[in-house]
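Enquirer: Have a look at this one.
The values are calculated or read from the model by the stated rules, or taken from the named source; none is laboratory data. Every value quoted in this text rests on a predicted model; they were computed, and no experiment measured them. We place every Cβ from the backbone using ideal geometry, glycine too, and count neighbours over all the protein chains shown. The accessibility values were calculated without ligands, DNA or RNA, using every heavy atom of the protein model including side chains. Shrake-Rupley method; radii C 1.70, N 1.55, O 1.52, S 1.80 Å.
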Amino acid sequence: MMGAVHVLLILGVLPGSLLQTVNNTLTIHVWQTPVIWATEGNSITLPCEYRFIGEEASIGSYKWYRHIMRSGVEVSENNKNFSGRLSKVDQDQFFHGRSAAITLNPVVLADAGMYYCEVTFQIGQQISGDGNGTFLNVTASANTRISVHKSHPFLYFRGGIVGGVLLLLLLSAAVYYMCTKQEVQSSTPTS
């Protein structure tokens, strides 16, 4: 089974764009940052940029999905998990700045996961381009760690004990190694 680190390494080497073409008249490239790190409680922007090759369009939109492209959970104000925390770029930034970014404010631990950007235009027919995805990694804030410590001091006390035991074992191993090495050197005859 492939671990999360392997998936991230694979995502890191893949180009951050996918390509869509319709009747050789339009090509859309969509780029996403492979991995973004955020701390709980802060604001984070998930960038998504696109580029046309061919005919320009004036009717378009974009969507974001979490976990699975197009069939995953849509990241929108209509989704209770993102309501009141989601900002999108305005139409000018979308059409002229070629940005389809979203901002989450504040980020919560449950936001961690894969996010996919989909850019759609109407040019005689509908054409869409998808990014390769952005993995959002969210870490706990210092306040969360402090509140866990206050509410469950035994967890931190136990962690301190485990750390102390590991340090003691490491020091014991180092002393044993040094003593063994010294005994070998003193028992080796010199010529």
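Enquirer: Only one of these is in contact with a Lys or Arg (Cβ under 9 Å, 6 or more places away or on another chain), aromatic (Phe, Trp, Tyr) and more than 30 Å from GLY41 (Cβ to Cβ): PHE121, PHE94, PHE52. Name it.
Expert: Matching residue, one of PHE121, PHE94, PHE52: PHE52.
Enquirer: If you go through segment 83-97 one residue at a time, how many are open to solvent by 70 Å² or more (accessible area, probe 1.4 Å) and within 20 Å of the chain's Cα centre (by Cα)?
Expert: Summing the residues that are open to solvent by 70 Å² or more (accessible area, probe 1.4 Å) and within 20 Å of the chain's Cα centre (by Cα) in segment 83-97 gives 1.
Enquirer: Pairs needed: first member in segment 30-54, touching a residue at least 12 places away in the same chain (Cβ under 8 Å); second member anywhere, of a type in the set (D, E, K, R) and open to solvent by less than 20 Å² (accessible area, probe 1.4 Å); C-beta distance under 8 Å; at least 6 residues apart or different chains.
Expert: Listed pairs, sorted by first residue: VAL30/GLU118; VAL30/ASP130; ALA38/ASP111.
Enquirer: Something else now. Just for segment 117-141: of the residues that are open to solvent by 40 Å² or more (accessible area, probe 1.4 Å) and either in contact with an Asp or Glu (Cβ under 8 Å, 6 or more places away or on another chain) or among the aromatic types (Phe, Trp, Tyr) (or both), which one is nearest to VAL73 (Cα to Cα)? Even if it seems obvious, please write down each step before you answer.
Expert: Narrowing segment 117-141 to residues open to solvent by 40 Å² or more (accessible area, probe 1.4 Å): 122, 124-126, 135, 139.
Now restrict to residues that are either in contact with an Asp or Glu (Cβ under 8 Å, 6 or more places away or on another chain) or among the aromatic types (Phe, Trp, Tyr) (or both): 135, 139.
Values: PHE135: 15, THR139: 22 Å.
Among those that are open to solvent by 40 Å² or more (accessible area, probe 1.4 Å) and either in contact with an Asp or Glu (Cβ under 8 Å, 6 or more places away or on another chain) or among the aromatic types (Phe, Trp, Tyr) (or both), it is PHE135.
Enquirer: Same structure again: Quick check on my filter: what residues within segment 71-110 are without any contact (Cβ under 8 Å) to a residue 60 or more places away in the chain and assigned to a helix (DSSP H, G or I)?
Expert: GLN91, ASP92, GLN93, PHE94, PHE95, ALA110
Enquirer: Residues to consider are SER71, SER76; find the one that is over 26 Å from GLU40 (Cβ atoms) and small (Gly, Ala, Ser). Don't jump to the end; show me each part of the working.
Expert: Numbers: SER76 fails: over 26 Å from GLU40 (Cβ atoms).
Selected residue: SER71, the only one of SER71, SER76 that is over 26 Å from GLU40 (Cβ atoms) and small (Gly, Ala, Ser).
Enquirer: Which of the residues belonging to segment 118-143 are touching a helix residue (DSSP H, G or I) at 6+ places or on another chain (Cβ under 8 Å) and at pLDDT below 90?
Expert: Of everything in segment 118-143, nothing turns out to be touching a helix residue (DSSP H, G or I) at 6+ places or on another chain (Cβ under 8 Å) and at pLDDT below 90.
Enquirer: Hey, among the residues in segment 71-82 that are among the small types (Gly, Ala, Ser) and surrounded by 11 or more Cβ atoms within 10 Å (Cβ to Cβ), which one's nearest to the chain's Cα centre (by Cα)?
Expert: GLY72
Enquirer: Okay, next question. If you go through segment 33-70 one residue at a time, how many are closer than 17 Å to PHE135 by Cβ, part of a loop (DSSP other than H, G, I, E, B) and open to solvent by less than 30 Å² (accessible area, probe 1.4 Å)?
Expert: Number of matching residues: 0.
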